[in-house]
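The values are calculated or read from the model by the stated rules, or taken from the named source; none is laboratory data. Just so you know, these numbers come straight off a predicted model, no measurement behind them. When we count neighbours, we look across all protein chains shown, and the Cβ atoms used for this are built from the backbone with ideal geometry, even at glycine.
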């Protein structure tokens, strides 16, 4: 994939981290390439229902941020994108345990 904005990494990261919820979640960009983004989310007791178990909502949020960010790396300078539709499936208890921090990689779907 080819970026249309030579400053895509700086611009996407600056835009996302300017959002209060991204700062509250303490999202970290681990890798930004054209069409691909890796984000991490550190474990936070304030985002858990039970000790050591992050609730699904922050996990869903990091996936959404990663997808929108990956798509944003392909936009021309000054353009913005947003989520218009998304869904989530609930994981069973044994599958819900994860290593911290949670990391998500995302590539935008092709139309």
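Residue 80 - would you say it is out of contact with any helix residue (DSSP H, G or I) (no Cβ under 8 Å at 6 or more places or on another chain), outside any strand (DSSP E or B), more than 12 Å from residue 27 (Cβ to Cβ) and at pLDDT 80 or above? Give the derivation first.
Working: out of contact with any helix residue (DSSP H, G or I) (no Cβ under 8 Å at 6 or more places or on another chain): no; outside any strand (DSSP E or B): yes; more than 12 Å from residue 27 (Cβ to Cβ): yes; at pLDDT 80 or above: yes.
So residue 80 does not fit the description; no.
In the set (1) closer than 23 Å to residue 7 by Cα; (2) part of a loop (DSSP other than H, G, I, E, B), residue 70 fails one condition alone, (2).
Filtering the stretch 27-51 to residues that are more than 17 Å from residue 2 (Cα to Cα) and in contact (Cβ under 8 Å) with a residue 12 or more places away in the chain leaves 27, 28, 29, 30, 38, 39, 40, 41, 42, 43, 44, 47.
Could you say whether any residue in the stretch 45-53 is modelled with pLDDT under 95, in contact with a strand residue (DSSP E or B) (Cβ under 7 Å, 6 or more places away or on another chain) and either farther than 10 Å from residue 69 by Cβ or in a strand (DSSP E or B) (or both)?
Yes, some residue in the stretch 45-53 is modelled with pLDDT under 95, in contact with a strand residue (DSSP E or B) (Cβ under 7 Å, 6 or more places away or on another chain) and either farther than 10 Å from residue 69 by Cβ or in a strand (DSSP E or B) (or both).
Quick grid of which residues meet (1) surrounded by fewer than 12 Cβ atoms within 10 Å (Cβ to Cβ); (2) in a helix (DSSP H, G or I):
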| site | (1), (2) |
| --- | --- |
| 10 | yes, yes |
| 16 | no, yes |
| 21 | yes, yes |
| 32 | no, no |
| 39 | no, no |
| 62 | no, yes |
| 76 | yes, no |
